[in-house]
Amino acid sequence: MGQENNTADVESLQKSGRRSGSCLNSFLITSIIVLFALVAALAAFGVMAVKKLQSKLDVPRRVSESELFEKMSGAQQPSVAFNMEKFAYLEAMKNSLKNGTMEWADVKYGVGSSIGSKFVFDSHQMSLKPQQSGVYFMYVEVKITCTFRCNTSVVHLNVSNKLTCDVELPSQKKSVSKKCWTVSTLENEGLITQMRVPDKGFQDWKLDLKNSGLGLFLID
C-alpha cells in the first residue's frame, strides 16, 4: 500500500513539474517575442531619426551655388521663386560700351520693383547697397552684339573688386553672352560696376539691354 502511494506521489510531482516547465517555456517565449518587437520598433525609430537628420544636413549640398545661379539669373521677376526682399536685380540702361561706371535701372513689374527691401539703389551714383551684412550671391550677365563690322576685342567688368568678368568678343561672332558670379561676404557697402574697353575699334559692338544686368541675393 505504501509503495502505491509513493508511486502516485512521484507521478504527481512529475506532472506538476511538466506543467511548471510548460508555463515557464510559454513565459520565456512571450518575453522573447515582446523583446524582439521592442528592439524592432527602436531600430525603426532610429532609422527614421537618422534619415531625418541626414536630410537636414544634405540641404546645403543639394542647393548648390550653380543651381542657385540658374534659378536667379534667368528670372526677370525673381519674386516668383524667391523671397523678394532678399533679392535685387538691375538692368543695363545704355547700349554703348565705354570706359566708366555702368548705368543701371531697376525693373518695374506691376506695382513692384526688382529691388528688394533689404537693398538701396542710388540712381545717381549707380550704387547698389545691401542694408544687411551677410553672405551674398552676386552675378553679372551681359549680351553684346555686333551691329556692323566688328574687330576682335574684350570687355572688362569689375563690381567693386568683389566680382570681375572678362568678355571676349571674336570678330567672327555676331553675338556673345557671358555670365559671371561669385559668393561673397558683404557689409553695408555700395557696389559700383566699372567697365573697361579698348580705346579704338569698338564702336560697332553694342550691349543688349534686356539681357544685361546685375543681380544680388542674400544667402545667409
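We did not get these values from a lab; they are worked out from the coordinates using the rules stated. Treat the numbers as computed from the prediction; the structure is a model and nothing was measured. Please note: Cβ atoms are built from the backbone with ideal geometry, for glycine as well, and neighbour counts cover all protein chains shown.
Of note:
- Between the amide H of residue 160 and those of 192, 194, distances stay under 5 Å, these residues lying 5 or more places away or on another chain, with hydrogens modeled in the peptide plane.
- Cut-off 13 Å, label 7 Å out along Cα→Cβ of residue 219, residues of segment 148-182 by amide N: 181-182
- Value of D in µm² per second that Stokes-Einstein yields for segment 158-213, Kirkwood Rh from Cα pairs, at 10 °C (1.306 mPa s): 116
- Summary of packing: across the peptides 167-176, 138-147, the per-residue average of other C-beta atoms within 10 Å ranks them, highest first, as 138-147, 167-176.
- Ranked by how many other beta carbons lie within 10 Å on average, peptides 209-216, 152-159 from highest: 209-216, 152-159
- Extension gain, residue 149 to residue 166, is 4.0 nm, computed as 0.36 nm per intervening residue step minus the present C-alpha separation.
- Cα-based convex hull volume of segment 74-207 per residue, rounded to whole Å³: 111
- Measuring between alpha carbons in the structure, the pairs from 86/210; 118/200; 86/173; 86/143 lying more than 32 angstrom apart are 118/200; 86/173.
- Once backbone amide H atoms are built at 1.01 Å from N, residue 154 has 169 as its partners under 5 Å, excluding neighbours fewer than 5 places away on the same chain.
- Close amide-amide hydrogen proximity is noted between residue 120 and 129, 131, each under 5 Å apart and 5 or more residues distant or on a separate chain (H modeled in the peptide plane; Pro and chain starts excluded).
- Computed 3J(HN,Hα) for segment 160-168, one whole-Hz value per residue from the Karplus formula 6.51 cos²θ - 1.76 cosθ + 1.60 where θ = phi - 60°, is 6, 6, 9, 8, 10, 8, 10, 10, 7, glycine and proline marked x.
- The residues neighbouring residue 104, those whose beta-carbon lies less than 12 Å from its own, together hold a net charge of -3 under the Lys/Arg +1, Asp/Glu -1 convention.
- Charge tally for residue 173 (other residues, Cβ to Cβ under 13 Å; Lys, Arg +1; Asp, Glu -1): +2.
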